[in-house]
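Here is the structure we will look at.
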Amino acid sequence: MDLVCINQWDLDERGQQVALMGEIFASAKSVCVWLGELEESDVSTRTDLNVYRCIAQSYGRNSAVAAGALNGIDVRDPQQTHALLYKDGICSWLNDRIFLRQWFQRVWVLQEVWNAPKTFSDPHNRACDRVSVLCGETEIPWWVIMQANMCLYSGYRQHTNHTMPALWLELLDVTSSELPPWLFGTRGRRLDILTVLIGALDMKASDPRDKIFALLVFGEETHKVANLPKLVKPDYNKGVSQVYADFTLWWIAEHRSLKILSAVHTLHGRTWLDLGGNSSSYTNDSGAASQRPSWTPWFNGRSRWRHGSLALREPCPYRACGANVLDIDLLMLGRELRLDDTPKWQVPAFRGIRVSTISTIQSFPLFSQVPQMMEEAYTNIFDPSGILGTWRHSKRNVSELGKNRYLKSEHPSGNLEYHWYTHKRDDTCNITDTALPCHSKCMFDTVDGHIGLCPSGTRTGDLVVILYGGTVPFLLRQKEQIGEYCFVGECYLEGFMNGEAFDSRSRQYAEEVFLLV
């Protein structure tokens, strides 16, 4: 629709119309999702669609469901819903091939479905469904697609690889067992915009700027897009780096928090766990990295990696900056303080303290005595027993490291010892008694004797700092210009996670201003 109605070459018009997209989609009387044509040879997809259509017909024939009385059936529970389908002799399995269609990965289509009206004039009449899915000559109610996705996502078929990106489940209503099936997967609540942006890392957009612009309508703070300040309102005259830098600055000022800086660990090449050797090469000194800020989110990553970080946890248990709050006025003065004004994006300035410098980096010592809080942080980030599944679906974790057997920790025992012994039995692994070879070297010492945890891109010589407004310490790398730093990421520093640097016994740390480029 937008290709026909919007002059894509007029950047001002494009930005204005994008701000109105939410209202336009919300005014639709019905939504037709077009998944594309079916080739004559595509027998498997036709079979899958027939199963899905039979599911819809089964619900229609079941009097208890048609009357809106679910009789204790929870539409979120595959076992309960499948029991209903078995009565009609429907195939006892679902296939995930339909979710290979590109439509499910596109970031703009979220609005089309999410904004569809939720109310129905006649909830027992299938013709009143506001959203329907068409693939070739087959038409299926949207709620059937959502329910099939939920069955696959919740583990009905353990070896499935293809479901909707997780953001669909977060934004659409799949949480209430009281919903009749024809309301399953309709418009849900808005989320905070940072959660939305991280969730959309699993989706695709031809223009990277749309990984922000297309999602503003879903944010609690940003859904009134037309009323947003210029810094964050859709504007296609800006370059990609400028869009992400402006959004990050706006978010920091709006929330008085530096939590968004930790979002760099959801990006390819910036994760805590080294997933292929690329993380350690990130310097932001040359190549593609120099064309964007080191401190902003970006459009290429995975939403699941947010669990492998410190500050993105909810709730975050740390308060490294103590009572020191962010200086909003200083934040926007970074460009004026710079000696070299080469980058086209704003350079933020932060007040904080320099705690120490990293002297050595080594593997985390398994089965050794380490401080309890640091061990808990390591467990939450690296998930060594595989219980959290943070790194479980990362195919790069296996294919690029070769000898990595991390997925074997999905064994029912689900413990660290099984993971370690899996490596120990593999003759190709150079395993010691104290480390996992599939985990990055992540434990550091500082020049003055402190210890901590760091992400895979860390180097010796990196500075450990605490910035005002930050819940965790950060790692910075000195640039050529005095006072300018590349942002490496967050870190854990034992004894400094809850404001200890600012108590009456720690007055030796001088306050500085740090410019991030």
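Where a number appears in this text, it was derived from the coordinates with a stated rule and is not lab data. Being a predicted model, the structure only gives us computed values, none of them experimental. Counting neighbours? That spans all protein chains shown, and the Cβs are built from the backbone with ideal geometry, glycine included.
Below are the figures for this structure:
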| read-out | value |
| --- | --- |
| Theoretical FRET efficiency, 1/(1+(r/R0)^6), r = Cβ-Cβ of Glu137 and Asp207, R0 25 Å, to 0.05 | 0.15 |
| Label-to-label distance, nm, for residues given as Ala226 and Asn300 (7 Å Cα→Cβ offset) | 3.7 |
| Added length on full extension, which subtracts the Cα-Cα distance from 0.36 nm per residue, Thr379 to Ser30 | 120.9 nm |
| Segment Ser41-Phe367, extension gain: residue separation times 0.36 nm, minus the distance between their alpha carbons | 111.8 nm |
| Gln508-Gln102 FRET efficiency (beta carbon distance; Förster radius 51 Å; 0.05 resolution) | 0.35 |
| Cα point-scatterer Debye curve for the stretch 440-517, base-10 log of I(q)/I(0) at q = 0.16, 0.22, 0.26 Å⁻¹ | -0.60, -1.14, -1.45 |
| At R0 = 51 Å, FRET efficiency that the Cβ-Cβ distance of Thr460 and Ile387 yields, to 0.05 | 0.95 |
| Contour minus Cα-Cα distance for Asp445 and His162 (0.36 nm per residue) | 97.7 nm |
